[in-house]
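Take a look at the structure below.
The values are calculated or read from the model by the stated rules, or taken from the named source; none is laboratory data. Remember, predicted model here, so these are calculated numbers, not experimental data. All Cβ positions, even for glycine, are placed from backbone atoms using ideal geometry, and neighbour counts span all protein chains on display. Remember, those area values only see protein heavy atoms, side chains included, never the ligands or the DNA or RNA. Shrake-Rupley method; radii C 1.70, N 1.55, O 1.52, S 1.80 Å.
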Amino acid sequence: MTETEAVVQSENGSENKPEDTSPENLAKVDRQINYYFGDYNYPRDKFLQQQAQLDDGWIPLEVMLKCARLKALTQDPATVVLALSQSKESVLEVSEDKQKIRRVKPAPDVNEEAQLQTKSRTVYCKGFPEDEKLDDLLEYFAQFGECETVLMRQYKDKTSKVKKMKFKGSLFVVFKTEELAKKFMELESVKFKETELIRQWQTAFLEEKSKERQEKMSSTNKPRRDNDGKDINESGDVELPKNSVLSVKEIPGDVTREDIKSAISNASEDVKVAFINFNKGDTEATIRLVGEGSASKLIEALGEGSKVKVNDVELTVTALSEEEEKPILEQASKLLNCKRMFNQKGRGSFRKGKRKGRGGYHGGKRARTN
């Protein structure tokens with residue numbers, strides 16, 4: 001459970017439903033409540049830590065039943081007590097009045113040594129459908145031995161008007177022991193719904209990702225770049241990347257520059273818009289992207305038809321040829337170089353206190369006039 005999951009939703013929630021005290025549901029309640037207070041989650045959960053400090057570690061079941069995942073399983077404290085009474089290895093104890101629960105043993109510290117130990121039993125897996133649910137994933141991994149948690153990797157869905165997180169199809173599973181993790185990794189084949197899973201130790205996966213980021217940021221054998229991704233040659237002039245210009249035609253009259261920028265940016269996570277030559281009312285726009293080859297990458301991402309949706313209208317996007325984009329890049333480079341030189345001179349003069357002209361700074365106080 002996280003702080004956000006503990007937001008009180010009872011007043012806004014659905015109507016009470018009949019209590020499910022079947023063995024299957026009691027097992028789910030037991031698993032969920034013990035996850036909240038388990039060695040992995042409890043030390044990291046600020047909300048639970050704050051609640052526990054109020055009453056010698058005791059937390060009212062009324063508070064716990066406002067947590068989204070537990071609330072979906074039961075709304076009755078008695079059901080939680082019943083589930084815990086049948087639990088084989090619960091980390092919890094119940095108060096005499098059956099209204100509160102707390103950990104039996106103190107939670108482990110989340111220090112550097114503990115984090116390294118957790119990494120040694122954490123595995124990265126990829127190959128799951130993006131609509132898969134956490135409960136199904138927990139049930140799936142239970143066949144390989146007890147696991148403390150499954151961490152679904154997520155990303156922001158930029159195509160939706162309401163920004164929300166979506167499952168990437170990959171996750172980290174933290175096994176209870178290093179031995180269980182090793183057994184899982186030593187299996188010859190692991191499939192999820194007929195799909196062979198890609199498996200790696202978390203440490204190896206994170207090292208690979210770190211190397212990829214370093215390679216992207218490395219300037220070895222690459223020209224220097226400014227903040228907008230434009231190359232800067234030895235003389236200091238800006239050289240704009242090739243194969244980076246797009247064209248969109250037959251644009252409706254109510255479309256704005258921001259509408260076009262948003263549609264292009266949402267079409268691919270790898271695309272960044274540098275400049276759009278367009279005014280409202282124009283029927284054609286020229287779009288310059290950041291990075292060499294970015295135009296072809298976007299066209300490939302759009303797929304067949306190269307369509308992009310702008311204000312519920314599908315418009316065709318084309319990448320300009322080398323000959324077509326050459327004058328556009330040359331003109332843009334000249335403007336950017338002029339702007340760059342002007343800014344450099346302006347900053348130098350300001351530092352030396354030499355700005356002159358109307359309203360400029362001359363080193364003394366401005367005379368008051370009445």
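What to note about this one:
- The residue that is nearest to Leu171 (Cα to Cα), counting only those in the stretch 90-133 that are among the hydrophobic types (A, V, I, L, M, F, W, C) and at pLDDT 90 or above, is Cys125.
- Asn221 surrounded by fewer than 10 Cβ atoms within 10 Å (Cβ to Cβ), more than 26 Å from the chain's Cα centre (by Cα) and at pLDDT below 75: yes
- Any hit, the stretch 196-206, residues being within 26 Å of Phe37 (Cα to Cα) and either part of a loop (DSSP other than H, G, I, E, B) or free of Cβ contacts under 8 Å to residues at least 40 places away in the same chain (or both): no
- Set Leu137, Leu171: member being hydrophobic (A, V, I, L, M, F, W, C) and part of a strand (DSSP E or B): Leu171
- Any hit, the stretch 314-332, residues being in a helix (DSSP H, G or I) and in contact with a strand residue (DSSP E or B) (Cβ under 6 Å, 6 or more places away or on another chain): yes
- When Thr256 is tested against (1) modelled with pLDDT of 85 or more; (2) open to solvent by 60 Å² or more (accessible area, probe 1.4 Å); (3) farther than 23 Å from Gln331 by Cβ, only condition (2) is not met.
- Checking each residue in the stretch 48-57 for being crowded, with 16+ Cβ neighbours inside 10 Å and either modelled with pLDDT of 95 or more or part of a helix (DSSP H, G or I) (or both) picks out Leu48, Gln51, Ala52.
- For the stretch 121-129, the count of residues that are among the charged types (D, E, K, R) and loosely packed, with under 14 Cβ neighbours inside 10 Å is zero.
- Taken as a whole, the stretch 355-365 holds no residue that is at pLDDT below 80 and part of a helix (DSSP H, G or I).
- Hey, Glu194 open to solvent by 100 Å² or more (accessible area, probe 1.4 Å), more than 21 Å from the chain's Cα centre (by Cα) and at pLDDT 95 or above or not: no
- For Val150, the conditions (1) surrounded by fewer than 12 Cβ atoms within 10 Å (Cβ to Cβ); (2) within 20 Å of Thr195 (Cα to Cα); (3) of a type in the set (Val, Ile, Thr) all hold with the exception of (1).
- Filtered by the rule that a residue be surrounded by fewer than 17 Cβ atoms within 10 Å (Cβ to Cβ) and among the aliphatic types (A, V, I, L, M), the stretch 82-112 gives Val104, Val110.
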